[in-house]
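Asks: Can you read through this structure? Questions will come right after.
The values are calculated or read from the model by the stated rules, or taken from the named source; none is laboratory data. In this text, all values refer to a predicted model and were calculated from it rather than measured experimentally. Neighbour counts are summed over all protein chains in view; Cβ atoms, including those assigned to glycine, are modelled from backbone coordinates with ideal geometry.
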Amino acid sequence: MRKYIINFIFVLSVIVIIISCQNQQQIDLQNYMSNGKDIYVAKCQNCHGEAGEGLGELAPPLTDSTFLKNNKTRLACIIKNGLNEPITIHGKVYKEKMPAFPELADIDVAQVMVFITNSFGNKQGFVHYNEVSKHLQNCK
Amino acid sequence: MNKITSSIAICLLSVALISSCKQDRKLPFYGERHAEVKKDAAGVDKIDTVYQTIPAWSFLNQDSTLITNTATNGKVYVADFFFTSCTTICPTMHRNLMTVYNEFKANPDVMFLSHTIDFKYDKPSVLKKYAQKLGVDGPKWQFVYGSKDSVYTLAEKSYLVAVGEDSTAKDGYIHQGYLVLIDKDKRIRGAYDGTKQDQVEQLKKDIPLLLAEYKK
């Protein structure tokens, strides 16, 4: 009987370890989402809106999933360095300048990027900040 | 049975009292005030309270037309201070003010007046572009440009909103995000933080209250 219980506990703990390993990325995603949201509220929301709806022609919405997908490697650069060229979002051209946010560390950029690309109807999944750091080194 | 009737009566009475109290709610007056002795129609001396008012001003608007305080005659209006290159509180303020604007769009007695504090860059043509991009067209919402001295003095002394240049601030200026409600007699009747949704909702409720004061 005792042996049975010990075996049971052993098997159970192995299963728990496997499940938690599989969910590490899930946990990271949740972390990034919650920290990213805080950064979004503090730095982005005033122009891009609570639901990523943008502001007139002054600030584009963040709901154009196609744009986000096509510019995946460029998003981190835009978040950190701002943008000073016209972009087309949902078929509409936006010409206003976006300010830079040099105070954001790579991890902050990664978290807010993951938040944006997985909110407002977007679903692009997790990007690790190591990868985002690489994107940031290759900014134009 | 008698008990039930009387308790219902008490309930109805208190509801009536509470609702009548609400109807009587009047907006406060802000700023300095002093008492003045005036003679009424019968020639008797009466003490009257005189409240702070917005003095005369004249600025260029987004169409490069000179507009003055007479543009606000007979209107209740909301005034604020901003600048077009502001990336911090102004977008939120104007996003929220936009909802107020849309709600009172059809009311000819309501006006909006945004003053730029960026006297170096925000010339009328820049204001025009900004207004269009925000989605505002027409004279109901005026964006005005004036000298540093005239705008800053008006902001701090008359509208009681702090503004200033600050080289350490991200965009070069600092200012408070108040939306100031002015009545038809140019007195200050409310100040609402334009970055807070609940205060902007309060503004939407207070404008009709203020308009009702003049419907007698």
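Asks: For region A:74-94, check the following and say yes or no: at least one residue is of a type in the set (D, E, K, R), without any contact (Cβ under 8 Å) to a residue 12 or more places away in the chain and in a loop (DSSP other than H, G, I, E, B).
Replies: yes
Asks: For region B:95-122, enumerate the residues that are within 13 Å of another protein chain (Cβ to nearest Cβ) and either in contact with a Gly (Cβ under 8 Å, 6 or more places away or on another chain) or among the hydroxyl-bearing types (S, T, Y) (or both).
Replies: Those that are within 13 Å of another protein chain (Cβ to nearest Cβ) and either in contact with a Gly (Cβ under 8 Å, 6 or more places away or on another chain) or among the hydroxyl-bearing types (S, T, Y) (or both): B:R95, B:N96, B:L97, B:M98, B:T99, B:Y101, B:Y121.
Asks: Only residues that are surrounded by fewer than 17 Cβ atoms within 10 Å (Cβ to Cβ) and either within 15 Å of B:L181 (Cα to Cα) or within 19 Å of the chain's Cα centre (by Cα) (or both): list them for region B:109-122, please.
Replies: Passing the criteria: only B:D109.
Asks: Every residue in region A:102-128 that is closer than 17 Å to A:R74 by Cβ, buried (at least 21 other Cβ atoms within 10 Å of the Cβ) and either over 9 Å from the mean Cα position of the chain (by Cα) or of a type in the set (S, T, N, Q) (or both), please.
Replies: A:T117
Asks: Of all residues in region B:134-170, which are part of a helix (DSSP H, G or I) and under 18 Å from the mean Cα position of the chain (by Cα)?
Replies: Matches in region B:134-170: B:V151, B:Y152, B:T153, B:L154, B:A155, B:E156, B:K157, B:S158.
Asks: Could you check, for region A:98-106, whether at least one of its residues is touching an Asp or Glu at 6+ places or on another chain (Cβ under 6 Å) and within 14 Å of chain B (Cβ to nearest Cβ)? It would help to see each step written out before you state the result.
Replies: Initially, region A:98-106 is screened for residues touching an Asp or Glu at 6+ places or on another chain (Cβ under 6 Å), giving none.
Looking for residues that are touching an Asp or Glu at 6+ places or on another chain (Cβ under 6 Å) and within 14 Å of chain B (Cβ to nearest Cβ), one finds none in region A:98-106, hence no.
Asks: So, one more: B:V50: in contact with a His (Cβ under 8 Å, 6 or more places away or on another chain), farther than 30 Å from B:K196 by Cα and away from chain A (no Cβ under 14 Å), yes or no?
Replies: Spelling it out, B:V50 is indeed in contact with a His (Cβ under 8 Å, 6 or more places away or on another chain), farther than 30 Å from B:K196 by Cα and away from chain A (no Cβ under 14 Å).
Asks: On to the next question. In region A:36-54, which residue that is outside any helix (DSSP H, G or I) and of a type in the set (G, A, S) is nearest to the other protein chains (Cβ to nearest Cβ)?
Replies: Within region A:36-54, the match that is nearest to the other protein chains (Cβ to nearest Cβ) is A:G49.
Asks: Here's a follow-up. When you look at A:L62, is it modelled with pLDDT under 95, closer than 26 Å to B:T84 by Cα and crowded, with 19+ Cβ neighbours inside 10 Å, yes or no?
Replies: Numbers: modelled with pLDDT under 95: no; closer than 26 Å to B:T84 by Cα: yes; crowded, with 19+ Cβ neighbours inside 10 Å: yes.
No, not satisfied.
Asks: For A:F67, all conditions in the list (1) closer than 29 Å to B:N96 by Cβ; (2) within 13 Å of the chain's Cα centre (by Cα); (3) part of a helix (DSSP H, G or I) hold save one; what is the number of the exception?
Replies: (2)
Asks: Ok, one more. List the number of the failed condition for B:D137; all other conditions in (1) free of Cβ contacts under 8 Å to residues at least 12 places away in the same chain; (2) closer than 28 Å to A:A51 by Cβ; (3) away from chain A (no Cβ under 14 Å) hold.
Replies: For B:D137, the failing item is (3).
Asks: Which members of region A:1-35 meet the condition of being surrounded by 12 or more Cβ atoms within 10 Å (Cβ to Cβ) and not in a helix (DSSP H, G or I)?
Replies: The one that is surrounded by 12 or more Cβ atoms within 10 Å (Cβ to Cβ) and not in a helix (DSSP H, G or I): A:N23.
Asks: So for region A:67-89 (the condition being of a type in the set (K, R) and touching a Phe, Trp or Tyr at 6+ places or on another chain (Cβ under 7 Å)), does at least one residue qualify?
Replies: For region A:67-89, residues of a type in the set (K, R) and touching a Phe, Trp or Tyr at 6+ places or on another chain (Cβ under 7 Å): present.
Asks: Let me ask another. Quick check: anything in region B:80-87 more than 13 Å from the chain's Cα centre (by Cα), within 14 Å of chain A (Cβ to nearest Cβ), aromatic (F, W, Y) and buried (at least 20 other Cβ atoms within 10 Å of the Cβ)?
Replies: There is at least one residue in region B:80-87 that is more than 13 Å from the chain's Cα centre (by Cα), within 14 Å of chain A (Cβ to nearest Cβ), aromatic (F, W, Y) and buried (at least 20 other Cβ atoms within 10 Å of the Cβ).
Asks: Can you name the residue in region B:104-127 that is outside any strand (DSSP E or B) and among the small types (G, A, S) and, of all such residues, is farthest from B:C86 (Cα to Cα)?
Replies: The selected residue is B:A106.
Asks: Here is a follow-up. Here is a check on your reading of the model: is B:V110 touching an Asp or Glu at 6+ places or on another chain (Cβ under 6 Å) and farther than 19 Å from B:T195 by Cβ?
Replies: no
Asks: Out of B:S125, B:S147, which single residue is in contact (Cβ under 8 Å) with a residue 60 or more places away in the chain, surrounded by fewer than 16 Cβ atoms within 10 Å (Cβ to Cβ) and more than 14 Å from chain A (Cβ to nearest Cβ)?
Replies: Going through B:S125, B:S147 in turn, just one is in contact (Cβ under 8 Å) with a residue 60 or more places away in the chain, surrounded by fewer than 16 Cβ atoms within 10 Å (Cβ to Cβ) and more than 14 Å from chain A (Cβ to nearest Cβ): B:S125.
Asks: For B:Y130, state whether it is out of contact with any Gly (no Cβ under 6 Å at 6 or more places or on another chain), assigned to a loop (DSSP other than H, G, I, E, B) and not basic (K, R). Spell out the reasoning first.
Replies: Details: out of contact with any Gly (no Cβ under 6 Å at 6 or more places or on another chain): yes; assigned to a loop (DSSP other than H, G, I, E, B): no; not basic (K, R): yes.
In short, no.
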